[in-house]
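Reading through the structure tokens given below for one structure.
The values are calculated or read from the model by the stated rules, or taken from the named source; none is laboratory data. Not measured: the values here are computed from a predicted model. Cβ coordinates were reconstructed from backbone atoms using ideal geometry, including for glycine residues, and neighbour counts include every protein chain displayed.
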Amino acid sequence: MIDILNLVYIMIFSPLVCAAILMFFKLVPVKPPQYGNFAISLITSIFTFAISLLLFDYCITYNGYTLENNYPICIIQNIPLYFGVYADNLSSIFTLLITFLFLITNIFSYRYLLQNRQGFERFYIYLNFTQFALFCFFISSNLIQSVVFLMILSLVEYLFANFYFQKPISQTNSKKVFEINILADFILLIASIAFLYFSTLTPDTTSIPTLGYNNINSLGLYSFASLNPLIFALICALFIIGAIIKSAQFPFSPKTYLASNAPNPVFSIIISPLMLGLGVFLLFRLYPLLNLTPAIFEILKIAGIMTAIFGSLVALKENSIKNICSWMAVSQTGIAIFALGFKMYDISLFYMLCAGFGIILISFTLNTVCYSTGSQENIKFLGGLREKLPLEAMAFLVGAVSVSGFVFSGFYPRATILGNLFAAKNLIYLTLLLICSFLTAFYLFRLYFRIFEGDYRGTIEPKRVSRAMIFAIIVLILPTVFFGFLFNNYANSIFSPLEYSKLGVSNPFVNVFAFVISALGYYLAYNIYFTKRISSIRNRFLRRLSSEHFYMDIFIDFIFKDFILFIAKIFAFFEKYILGFFCSLPNLITRIISYLTVKFEAKNINSQFFVSALWIALVLILASVFYFKTGVIR
Amino acid sequence: MENFSSTIVFTLLPLVAGLLIFIGTFKNNTVVIRRFAKYFSAFYFIFAAFEFFNRNTDSEFGNVLNSPFYIISNATGGTSIGFDTLGGIFALLVSFLILICFVIAKSTVNSGQKLFYSFVLFFESAFLTVLSTQDFCVFSAALLFLALCSYVLIFNFSPLRAKKAANSYLTLNSFTVFILSGAFALVYAILKYNNIEANILNFAYNSTDLSGVILLLLFFAFALISAIKIPFFGFHLPILNIIKNSNPAIACIFLSDFILGFFIFIKFNMYILKDIFEIFAPIIAILSIFNLCYFAILALGEKDLKKSFGYFCFSQSSIALCALCSISIEGICGAVLQCVSQSLILLGLFLCYCFVSQIFKTTKLPFMGALAPYAPKLAAFCFILTLAGIGIPFTSGFSAKFLCLLGGFSTQIYSQNVIWICNLFILIGLTLGAIHLITTFQKIFFGTDECNNCKISDLLRHRTLALFVLSICIIALGVAPYILTNSITKYADMIVSLFLM
């Protein structure tokens, strides 16, 4: 009988096999029918979903037991590198989320791809490969494996961002996405290698696997005890900076919207907690290590709250559906990171998942809107779609109220975060978070009113959405509504193995206050965009900042392009004129000497003239020596 | 076969093959000459690989030192030859690079095939002699012959602009060889004076007894050769001009020179002159980090495709140098792996860039673009090589950089603060290199369509084969780097143990 471990390995590798099969069919002249690619991919997703359900069930049933297995792949200089599985509750939840989301994406994307029939096989190959890489990252048993697959995921994100490579905007943006990702990857790689080396310095060198998550606590303690505290803090800071960049936090938030040229269903994956949460997940895994240097958490707090507020403000100004979705996702991830900065480990995870379902639902709903209106993404040319797409409007509302924290899944974690902040009397951060709630409610309902209410402002008649798409949306509504409730009630059984589990208690007073603040956001959006009783608020300073994305784009362009090109110009000047001159100097001297020698040999030089020149040179040299020695001649 | 006899065979075989072509055995029949050279190289490479892996455990440098002394000529104080592990790896690598270049030469060398194939084989023979000989005279002579062969090849098989560069490169190389010969003469005289047979082995044994000034002189002579070959900041202009105007088929020349630079650096500067190296290692490390960032930035700003590739080459070599200066087992293994990986990746990228230049009839990047739909195979191979150059996992670039960085941390001779500062600069260099590669790839294969007047064709069959083989090697080294690192560990251990003493 196949045990659960074998099933997990089968689950990990089946998308890779699927991608290989699709690749084979792409390369050989015999092509399967178009739905063949879809069918193979769908069967794989259903299969992996079933196994991930089994795994989740296994982890919950044998509560506290971690499924673990390591397979050595190579030994480099006495350092064995492993490919392994480390399936605890955390990874089983994420695995379930991966398989669920990819199943939905598979169902959703067939009809979407038939729209323009471009890159059909390529899409499914990339999709399955992404799923494989995500499995390998989220069930990874050691840090090296995680970093390796983070780099692979960067590549995948680049491939998707450049999926429509004929578009110039797609080419430029995908390059930027890749640059940001590779910077994060190299930072994480250096931090991991430093940690690998310093942890192997300790007496416990035989820990298996290398930098394994099962042993991260003791490895952290050993390193902490044996290392200079500053070096240890530097390693932790590098991990955090890498994770922040990877999760598109301030000032690298544009990374997400730059990837918006990816096909719409995949863009939903890019802004989901799976891709945006890669850095956060790594921080969850390294939590025991980071916990040893509490001061480092300040970076998370500041980066998180800045991203949350700036992201919301930018989303207010944006008119493109995809851009609003990406800034919303970045902003929500910022709140999760902010919660992690307060060491609210479990709430951060809880928030990321709850908000994540809302974000995915909103994103897929807006994908159907785009599909229906012929790829119209600008909300200025949409409106009144509630009559044409009632189910989508309802789904969007469910997602919006959830993400805004009114009711459903989004309510529970937000209430807990606010309650904990209130209990800790941390009023500044509490206020900032409430501002963020207000802004979130405002821009989500602005989006709702601009798309689904009022009159239709587009030119193309909206078409019906396929059943498969509607089915995908209905399926997504369920977790958005119930996940928070279930998670909140069964948190103990899910979190019991973790030492840091402490959801905390929400405060009724704060909850009511937060509700009122969010309702105010809704009310304002209602009056501005629906009844139009209030004209839109025009703050030139904020508008300017929001439209410039708080100068984050300029910052990214500066560090990755302008600054380097400026330095390159200086170096090129040095290279061409100064170094070039010195390199040609021996050649020049040799030529002059040889010229003079030839002239002497041929007796073509007036010797009297030459002797005079020598005398003049001698006098000049003596005069200059005299000047430098005494300073008499002026 | 004994190490001695097999080495003789290996070093002389290409010379014999080259002579066969040169003296006109094949009656100027270009097809026969090409096929002979290609099949000879393939056979030679397979045979050498088999021999190397079969005998790897016996061919450590230490064993060469302890092997029986074969006297060839009493006049030069006797000689001994044999490949140590490092020499063996580099010999294999060079024969592989030359094989790839022979495959490519079918469509890139259109005239003077007799001269081309014979001189490349002479070059190979001279290279292997330098790697294997333990005799001062033979070493210097082979080095000079190597410089001459590269001069002839660059002069005859490159455009007019490269001829000036070939002149200055030959001048520089000969100058350093003469300096080295002088230094060798000094060592020779000292050894003879003390009744010790004068050769590199005895020089290695007795290096600690020599005076500091002589060691310093020798160190600078070797460092100068390495600085020109690898190359270092200030010595890069001639080789840059060669790369800029080079024919794809003679890419093996400048790549072999990189490898030779590393070999001389490891064997002479690090191993034999260890006392001096220990003093200068931090300075060399800092200079290499400067090299890494300086050349990566220049590569990013450069608009000429081949010139920016040249800068990128120099930048990549600095990573290996940096790892060597860490004087740790991981660092040395990483450096050798980086050297091998870099040679393969750079050869592949250079071939791709040359093919691209042929298609667009220019080397200026602003006049290139949107080639991907017209040449999908070329785009695919170039993408794989770009990823390997960046250091994406499962390619040799990743394994090499991983080990180099690990070596940097595991050094015993620097303080932790210095290591961190160095590694942060290396991080900047790596990121800049990655940005350069992806930018170049995007500019060539995507971007605005510049294919109006170009000669559009995808890869020919033999070019596809060459790039495919290179890609396979790169992926194999990325998935299983221990193929190489296992063989070099003992050697690295031997070097590191000298410093720990």
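Quick look at the numbers
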item	result
Unique residue being within 34 Å of the chain's Cα centre (by Cα) and within 12 Å of chain B (Cβ to nearest Cβ) when the list is A:ILE578, A:ILE554, A:ILE564, A:ILE537	A:ILE564
Residue match in segment A:88-107 (condition: among the hydrophobic types (A, V, I, L, M, F, W, C), part of a helix (DSSP H, G or I), closer than 30 Å to B:GLU450 by Cα and touching a residue at least 40 places away in the same chain (Cβ under 8 Å))	no
Matching option when the condition is more than 14 Å from every other protein chain (Cβ to nearest Cβ), in contact with a Lys or Arg (Cβ under 9 Å, 6 or more places away or on another chain) and under 24 Å from A:TRP327 (Cβ atoms), among A:LEU300, A:LEU278	A:LEU278
Residue list for segment B:423-452, filter: more than 9 Å from chain A (Cβ to nearest Cβ), of a type in the set (S, T, N, Q) and in a loop (DSSP other than H, G, I, E, B)	B:ASN452
Matching entry among A:ALA237, A:ALA191, A:ALA243 (being surrounded by fewer than 21 Cβ atoms within 10 Å (Cβ to Cβ), modelled with pLDDT of 90 or more, aliphatic (A, V, I, L, M) and not in a loop (DSSP other than H, G, I, E, B))	A:ALA237
Every residue from segment B:164-179 that is buried (at least 18 other Cβ atoms within 10 Å of the Cβ), out of contact with any Leu (no Cβ under 7 Å at 6 or more places or on another chain) and within 16 Å of B:ALA223 (Cα to Cα)	B:LEU172, B:ASN173
Top-ranked residue in segment B:410-422 [being farther than 25 Å from A:ILE559 by Cα and either in contact (Cβ under 8 Å) with a residue 40 or more places away in the chain or not in a helix (DSSP H, G or I) (or both); ranked as farthest from the other protein chains (Cβ to nearest Cβ)]	B:ILE413
Residue within segment A:303-319 that is closer than 28 Å to A:LEU219 by Cα, hydrophobic (A, V, I, L, M, F, W, C) and touching a helix residue (DSSP H, G or I) at 6+ places or on another chain (Cβ under 8 Å) present	yes
Subset of segment A:120-150 that is surrounded by fewer than 24 Cβ atoms within 10 Å (Cβ to Cβ) and without any contact (Cβ under 8 Å) to a residue 60 or more places away in the chain - its residue that is nearest to A:LEU42 (Cα to Cα)	A:ALA133
Residues that are within 22 Å of B:SER118 (Cα to Cα) and within 20 Å of the chain's Cα centre (by Cα), drawn from segment B:166-178	B:ALA166, B:TYR169, B:LEU170, B:ASN173, B:SER174
Given (1) of a type outside the set (Asp, Glu); (2) in contact with a Ser or Thr (Cβ under 7 Å, 6 or more places away or on another chain); (3) assigned to a helix (DSSP H, G or I), number of the condition B:VAL213 does not satisfy	(2)
Leading residue by the ranking (nearest to B:ARG463 (Cα to Cα)) among those in segment B:368-380 that are touching a Lys or Arg at 6+ places or on another chain (Cβ under 9 Å) and away from chain A (no Cβ under 13 Å)	B:LEU378
Positions within segment B:402-459 being touching a Leu at 6+ places or on another chain (Cβ under 8 Å) and charged (D, E, K, R), in sequence order	B:LYS443, B:ASP458
Options B:SER95, B:SER118, B:SER111: the member that is of a type in the set (Gly, Ala, Ser) and out of contact with any Phe, Trp or Tyr (no Cβ under 8 Å at 6 or more places or on another chain)	B:SER111
Of all residues in segment A:194-209 being more than 9 Å from chain B (Cβ to nearest Cβ) and surrounded by 23 or more Cβ atoms within 10 Å (Cβ to Cβ), the one that is modelled with the lowest pLDDT	A:PRO209
From A:LEU439, A:LEU444, A:LEU434, residue being in contact (Cβ under 8 Å) with a residue 24 or more places away in the chain and more than 30 Å from A:PHE381 (Cα to Cα)	A:LEU434
Subset of segment A:132-162 [part of a loop (DSSP other than H, G, I, E, B) and under 21 Å from B:THR440 (Cβ atoms)]	A:ASN162
Filtered residues of segment A:159-178 (kept if within 8 Å of chain B (Cβ to nearest Cβ) and either within 13 Å of B:ILE392 (Cα to Cα) or among the aromatic types (Phe, Trp, Tyr) (or both))	A:PHE165, A:PHE178
Residues (over 21 Å from the mean Cα position of the chain (by Cα), more than 14 Å from chain A (Cβ to nearest Cβ) and either hydroxyl-bearing (Ser, Thr, Tyr) or surrounded by 20 or more Cβ atoms within 10 Å (Cβ to Cβ) (or both)) located in segment B:282-304	none
Members of segment B:461-501 found to be outside any helix (DSSP H, G or I) and either more than 13 Å from chain A (Cβ to nearest Cβ) or in contact with a Ser or Thr (Cβ under 6 Å, 6 or more places away or on another chain) (or both), listed by number	B:PRO481, B:MET501
Residues within segment A:164-200 that are touching a helix residue (DSSP H, G or I) at 6+ places or on another chain (Cβ under 7 Å) and over 27 Å from A:THR210 (Cβ atoms), tallied	14
Some residue of segment A:102-114 being within 14 Å of chain B (Cβ to nearest Cβ), surrounded by fewer than 21 Cβ atoms within 10 Å (Cβ to Cβ) and modelled with pLDDT under 85	no
Long-range neighbours under 7 Å by Cβ, at least six apart or interchain, first residue within 8 Å of chain A (Cβ to nearest Cβ) and closer than 12 Å to A:LEU196 by Cβ within segment B:392-409, second part of a helix (DSSP H, G or I) and small (Gly, Ala, Ser)	B:LEU403/B:GLY334; B:LEU406/B:GLY334; B:PHE409/A:ALA194
Pairs with Cβ under 9 Å, 6+ apart, first in segment A:370-382 and under 13 Å from A:ASN319 (Cα atoms), second among the acidic types (Asp, Glu) and surrounded by 18 or more Cβ atoms within 10 Å (Cβ to Cβ)	A:ILE379/A:GLU318
Selection count where residues are outside any loop (DSSP other than H, G, I, E, B) and either surrounded by fewer than 19 Cβ atoms within 10 Å (Cβ to Cβ) or more than 27 Å from the chain's Cα centre (by Cα) (or both), scope segment A:454-480	7
Selected residue [more than 17 Å from B:LEU437 (Cα to Cα) and in contact (Cβ under 8 Å) with a residue 60 or more places away in the chain] from B:ILE283, B:ILE319, B:ILE228, B:ILE259	B:ILE259
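Conditions (1) within 14 Å of chain B (Cβ to nearest Cβ); (2) small (Gly, Ala, Ser); (3) within 24 Å of A:ILE470 (Cα to Cα); (4) more than 28 Å from the chain's Cα centre (by Cα), marked per residue:
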residue: A:PHE47; (1), (2), (3), (4): no, no, yes, no
residue: A:THR61; (1), (2), (3), (4): no, no, no, yes
residue: A:ASN78; (1), (2), (3), (4): yes, no, no, yes
residue: A:LEU81; (1), (2), (3), (4): yes, no, no, no
residue: A:ASP88; (1), (2), (3), (4): no, no, no, no
residue: A:LEU96; (1), (2), (3), (4): no, no, yes, no
